[in-house]
């Protein structure tokens, strides 16, 4: 029997606010354990939460970016459960009346577009973090760091519209790109700023009723998400075909073993005993709030990609790479404005620049080569002052030292030779040294043109203008 996979994702994104959701504690990653806490986020008796206005603004931007309807009234609720890293014994979240609902996002996968529905976006506070096996005195002890307690999150819940592991990855990447473009989340999955839970089930092909879903918790990389979903599909299929019943539960993915393991039976809403948070008034969002958020939003990745294809006449692949990060897209557009020739700039940004950024583990915002410096280098190539090969060498030194192209070229004497008289002498010498190749060329092996050009370039240490050399060789040998 053939089965269809049904996947829904719950994405948790940490908002880039300076302070926590309901108190003034810092949210900086990497601070000493339990140094960014106060009576409010520790849940001490008698304290009162106060909503972070910037967190609400950021949540609104994401809701609008994924086409959600913003509810004019939303309510915070207490989600009750006990865990060592949850000092209050409950998490402040939203349940029956979330901030936004009924949105969608279009994703691309294997060349085709798919629309994935978004059920809801709601705000909530994060829990702390347990550190297992790190006790100073006793092996196997667990410690708790409450710095993350109260950090503002939004949870983006998709409809069960995703059908393959690759689509799940494409959806998560699209969500991450939007969050980073909006500058409301840094998207750092290794630090836990972006985490994902996946609900996975299978059903006979053509069946409308959903199968029993398994929740896969806290995946923090695109690879782990794909590997976990692939394993879970195989596990469930094997179970069903052997006559077993799939039990609704929460499972964890073990990346080292490549398997999912049972964590606990899946909780339902009534297990958490949700009820309205008595210390927070309902959140009322006015049209002014929505318009303010909308007016401050940048051009989003999908729209920017479509514009790059149309405006700059570059391939869809190039546009996808260049718009994957907002600052990279800005760098590209600035370079095009200064130099022109969008495809040439695209080749250099996607090739040399991204290669060196990756090799040196730098972000585009830290690039020693600015759009102005790149444009100046490309103008030297276009004007015939240096060869394309020399330009790559110059670019590497620009990236390493931060210097401009002209000073490097002048210092190293790399200016391209374009004087016909000087090049003609070099061509004559190359022809004189290779009489056998001359005979073969004149006999019809015209591909030897490249050989003669190479000989001249070798003799001039790469400084000869290759186009002009090729013309001279043809003229001399015709």
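Quick notes
- Förster radius 35 Å - calculated FRET efficiency between residue 53 and residue 2, Cβ distance, rounded to 0.05: 0.10
- Rounded to 10°, Cα long-axis angle of helix 165-181 versus longest principal axis of the chain: 80 degrees
- Stokes-Einstein translational diffusion, the stretch 3-293 - Kirkwood Rh over all Cα pairs, 1.567 mPa s, 4 °C, in µm²/s: 65 µm²/s
- Both radii were evaluated on the Cα set of the stretch 299-412; the Rg over Rh quotient, with Rh as the Kirkwood radius, amounts to 0.97.
- Computed from Cα atoms, the angle from the helix 420-433 axis to the main principal axis of the chain rounds to 80 degrees.
- Ranked list, fewest to most other Cβ atoms within 10 Å of each Cβ, for 132, 325: 132, 325
- Among 216-227, 32-43, 53-64, the order from most to least packed when residues are scored by Cβ within 10 Å on average: 53-64, 216-227, 32-43
- Maximal additional length on extending the residue 439-residue 80 stretch stands at 120.3 nm, based on 0.36 nm per residue less the C-alpha distance.
- Packing-based ranking of 108-115, 446-453, 343-350, 22-29 yields 343-350, 22-29, 446-453, 108-115, ordered from highest to lowest mean Cβ neighbour count within 10 Å.
- In units of the rule-of-thumb radius 2.2 N^0.38 Å, the stretch 420-477 shows an alpha carbon radius of gyration of 0.99.
- C-alpha long axis of helix 449-459 to longest principal axis of the chain, angle in °: 90 degrees
- Working ranking of peptides 391-402, 170-181 by packing, defined as the average number of other Cβ atoms within 10 Å per residue, highest first, is 170-181, 391-402.
- For the stretch 1-59, fraction of C-alpha pairs farther apart than 13 Å, in %: 70 percent
- Proportion of all alpha-carbon pairs of the stretch 247-307 beyond 17 Å (%): 73 percent
- A helix-only calculation puts the chain at -12000 deg cm²/dmol for mean residue ellipticity at 222 nm, using -39500 (n - 2.57) for each DSSP H run of at least four residues, averaged over all residues.
- Counting all C-alpha pairs of the stretch 69-192, share separated by more than 21 Å (%): 55 percent
Any read-out appearing in this document is the output of simple, stated calculations on the displayed coordinates, not a laboratory observation. It should be emphasised that the depicted structure is a prediction, and the values quoted were computed from it without experimental measurement. Note: ideal-geometry Cβ built from the backbone for every residue, glycine included; neighbour counts use all protein chains shown.
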